[in-house]
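Structure first, then comments.
The values are calculated or read from the model by the stated rules, or taken from the named source; none is laboratory data. Treat the numbers as computed from the prediction; the structure is a model and nothing was measured. Every residue, glycine as well, gets a Cβ built from its backbone with ideal geometry; the counts of neighbours run over all protein chains shown.
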Amino acid sequence: MERSIYQSLLSWKNDENRKPLILLGARQVGKTYILKELGTREFNNLVYVNCHNNPFTDLLFSDFNIQRIVHSIEINYEVKIEPGKTLLFFDEIQESPNAIPSLKYFCEDMRQLHVVAAGSLLGISLRENESFPVGKVNTLKMFPMTFTEFLLALKRKQLHDLVLSGDWEMINVQCELLTELLRQYYFVGGMPEAVAKWVENTDPKEVRQIQNNILDAYYRDFGKHSNTLVHRIRQVWDSIPAQLAKENKKFIFGAIKKGARAADFEDAIQWLVDAGLIYKICRVSAPKYPLKFYKDNNAFKIYLLDCGLLALLTESRPQDMLLGNNAFNEFKGAYTENYFLQELVGIGDIPAYYYSKDNSRLEIDFLVQQNGCVLPCETKAEENVKSKSLRTFIVEEWPEQQLKGVRCSMKPYVNQGWMQNIPLYGVEGFFHPQDE
């Protein structure tokens, strides 16, 4: 399947100043697949070294003599490693002692060799007594497939190109088809294995089985690095549907269990953030650039990395997701908010926050920072798309900022001057990343 990150990988390959590359991301987002594709398509040969439960790699990095390491790999795998022609790929690199620090010496002693590694940021950061090769590696983050990548998987290349074009007049013509495909995406989500199964036979039961397997793997991972935090991590994770079902989606510790305090669960939340399994969106006190200056770490919302996994976690029936507009209307718009944020992260890891006032009901779902601007954004899943809070926020609360709002809904594109309505299936076309 085609992934947009492939262009970034090509840029890395062709960069004369490149360093060994670490591709980071949550389990099952497609890191191994895309790096193997790079090796197969762009190099004469791919040398794949999986460090998970591998006695060979457990001993391979006993010292940092890169010539010895490379020669040992050649002998063990019966391959020839040639700089400029070979992609050397260390998968699950965090599993082998001293593998991560060795990348420093690949950078210094064999810079001409293309070296890539895949692993989780959490696993890499938790390697005890090992230093991370700061300044000696390049890093990229990978996320679940976006809606436009989903369209490519469905062989809808022209529709994919149309959404990214921002040609709203033509996009509006295809609104019924795009709405149907977005409904499918809400159910399937962006985990590549689930998408591949849907493309193969459109069987909801088989997709759900794959999603269940992914969630089971995450549950097993909870106990892998967290020691005494396991129980609290699971409590936070299991509370996410209830947190998102609230009208006000601010994370409430009391929703985890009665009497819960922030101090009890902060480490568990950070574990899930570091593992890439949740996105934590903090409140800001003002819609001013840069938003991080106005960040309030004590108030935040939490979303899941993938809308399809959220549908499973909420125990939503496939027929309710795939038929009619239930997926858009149910669960107080949580699917839509989760989808919107997932798109922002997937298309460029775009900074996003939210705004609310303690002494009123005024709340803005997201404040998005892009190209030096702050965009107040509301997501609307239901038919009623009046944006009273958004208009009040822009016109009455912060007129001096001269903000222009964005409302994402199932309505076609329209520019109302103070606000633009973007159809939900056109989020990537609107927020497509540009150089700041």
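Things to note:
- Boolean, residue 427 is assigned to a strand (DSSP E or B), at pLDDT 95 or above, of a type in the set (A, V, I, L, M) and in the same structural domain as residue 162 (by TED's automatic domain parsing): no
- Qualifying residue in the range 84-91 (condition: modelled with pLDDT under 95 and of a type in the set (Val, Ile, Thr)): no
- Test: residue in the range 283-297 that is within 30 Å of residue 210 (Cβ to Cβ) and either aromatic (Phe, Trp, Tyr) or touching a residue at least 60 places away in the same chain (Cβ under 8 Å) (or both): no
- When residue 297 is tested against (1) surrounded by 14 or more Cβ atoms within 10 Å (Cβ to Cβ); (2) not in a loop (DSSP other than H, G, I, E, B), only condition (1) is not met.
- Count of the range 98-118 residues which are farther than 14 Å from residue 84 by Cα and touching a Phe, Trp or Tyr at 6+ places or on another chain (Cβ under 6 Å): 5
- Yes/no for residue 134 being surrounded by fewer than 19 Cβ atoms within 10 Å (Cβ to Cβ) and either part of a loop (DSSP other than H, G, I, E, B) or of a type outside the set (Lys, Arg) (or both): yes
- Of all residues making up the range 261-281, the number that are free of Cβ contacts under 8 Å to residues at least 60 places away in the same chain, closer than 18 Å to residue 119 by Cα and in contact with a Leu (Cβ under 8 Å, 6 or more places away or on another chain): 1
- Hits in the range 255-277 (condition: within 16 Å of the chain's Cα centre (by Cα) and surrounded by 20 or more Cβ atoms within 10 Å (Cβ to Cβ)): 271, 272, 275, 276, 277
- Any helices (runs of 4 or more DSSP H) falling wholly within the range 152-245 and containing at least 3 residues that are surrounded by 20 or more Cβ atoms within 10 Å (Cβ to Cβ): 157-165, 175-188, 192-201, 204-225, 230-245
- Pairs where the first residue, in the range 188-203, is in contact (Cβ under 8 Å) with a residue 12 or more places away in the chain and in the same structural domain as residue 320 (by TED's automatic domain parsing) and the second is in a helix (DSSP H, G or I) and of a type in the set (Phe, Trp, Tyr), C-beta under 7 Å, 6+ apart: 188/198; 190/150; 192/33; 195/150
- Candidates 100, 34, 22: the one that is outside any helix (DSSP H, G or I) and surrounded by 20 or more Cβ atoms within 10 Å (Cβ to Cβ) is 22.
- Scanning the range 395-424 for residues that are in a helix (DSSP H, G or I) and buried (at least 22 other Cβ atoms within 10 Å of the Cβ) yields a single hit, 424.
- One residue stands out among those in the range 14-63 that are modelled with pLDDT under 95 and touching a Leu at 6+ places or on another chain (Cβ under 7 Å): the one that is farthest from residue 102 (Cα to Cα), which is 26.
- Which numbered condition residue 227 fails, given (1) in the same structural domain as residue 364 (by TED's automatic domain parsing); (2) within 23 Å of residue 307 (Cα to Cα); (3) not aliphatic (A, V, I, L, M): (2)
- Residue list for the range 338-380, restricted to those being assigned to a helix (DSSP H, G or I) and hydroxyl-bearing (Ser, Thr, Tyr): 339
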